[in-house]
């Protein structure tokens, strides 16, 4: 495996601000994807009084080969979690809140109602804009998806009306079976397209590079970006895959800074309204800036 480049290394920052964020999260018994997925931007975001909330527990029902979240039988949903999320948003003084979740295939709606509950609780006590990063809700969709009739989990999300709906494609089509064996590339595109065609909610998606994909040609990054644009995606994120542990997929390549610049040019050419592309970019990195760049 290639050596980790210097530009992918981040110093540990521990200030009074980061301690305040940690204290609030601990006090509310909340999880963050910052901790669970070992995000390299954690200290930077904590220092800015923000974090990406991880709801519905910290145990996932799927075993994606790139992800550091634990896989096992999940705990029952915490009915108080939406209220605690809202309280944390208010105490942190957030103007833009990002909420994501583990995948909960054990739930009949994949957790869509829980997302809605969180959005509604936040709006009771805060004016913060809200972005949600969701799984594909397969447990509530595949048995009744036909591309035409209403799909209940997605209708629940549309009714809650977050400011941004994010669902990550994660990797190119050819690598999907290897990286996301329990996912489905076409279903992910349909989820994004359904939200776009049935609401005025901004849509967002992202992927990692460095798993062995090409850039151009069939099954390359360009093909996936075109698929996302055709699904109506407004905002795009692309970052470098970093192996969480030796039991996860190996890094096939570390993209250079020049190659990330080429990916930015590609995203611009394809026509995304806004994008964050760089080595340490993750789904919710600079999320408010992306939103404001589209909304003006």
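The values are calculated or read from the model by the stated rules, or taken from the named source; none is laboratory data. Quick caveat: nothing in here was measured; it's all calculated off a predicted structure. Using ideal geometry, Cβ is built from the backbone for each residue, glycine included, and neighbour counts are taken over all protein chains shown.
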Answer from 246, 204, 269, 229 - the residue that is without any contact (Cβ under 8 Å) to a residue 40 or more places away in the chain and not in a loop (DSSP other than H, G, I, E, B)
269
In the range 249-258, residue nearest to residue 289 (Cα to Cα) [restricted to those that are in contact with a strand residue (DSSP E or B) (Cβ under 9 Å, 6 or more places away or on another chain) and buried (at least 16 other Cβ atoms within 10 Å of the Cβ)]:
255
Those residues of the range 52-80 that are touching a strand residue (DSSP E or B) at 6+ places or on another chain (Cβ under 6 Å) and either touching a residue at least 40 places away in the same chain (Cβ under 8 Å) or farther than 23 Å from residue 121 by Cβ (or both) come to a total of 13
Which condition breaks for residue 83 when tested against (1) closer than 15 Å to residue 162 by Cβ; (2) part of a helix (DSSP H, G or I); (3) out of contact with any strand residue (DSSP E or B) (no Cβ under 8 Å at 6 or more places or on another chain)?
(1)
Hey, among 181, 177, which residue is closer than 30 Å to residue 4 by Cα and in a loop (DSSP other than H, G, I, E, B)?
181
For the range 71-82, indicate whether the set of residues that are surrounded by 21 or more Cβ atoms within 10 Å (Cβ to Cβ), under 29 Å from residue 180 (Cα atoms) and under 18 Å from the mean Cα position of the chain (by Cα) is non-empty.
no
From the option list 211, 192, 187, 175, single residue qualifying as in contact with a strand residue (DSSP E or B) (Cβ under 8 Å, 6 or more places away or on another chain) and in contact (Cβ under 8 Å) with a residue 24 or more places away in the chain is 192
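For (1) modelled with pLDDT under 95; (2) touching a helix residue (DSSP H, G or I) at 6+ places or on another chain (Cβ under 6 Å), each residue gets a yes or a no:
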{"residue": "119", "(1), (2)": "no, yes"}
{"residue": "122", "(1), (2)": "no, yes"}
{"residue": "140", "(1), (2)": "yes, yes"}
{"residue": "144", "(1), (2)": "yes, no"}
{"residue": "158", "(1), (2)": "no, no"}
{"residue": "163", "(1), (2)": "no, no"}
{"residue": "169", "(1), (2)": "no, yes"}
{"residue": "176", "(1), (2)": "yes, yes"}
{"residue": "192", "(1), (2)": "no, no"}
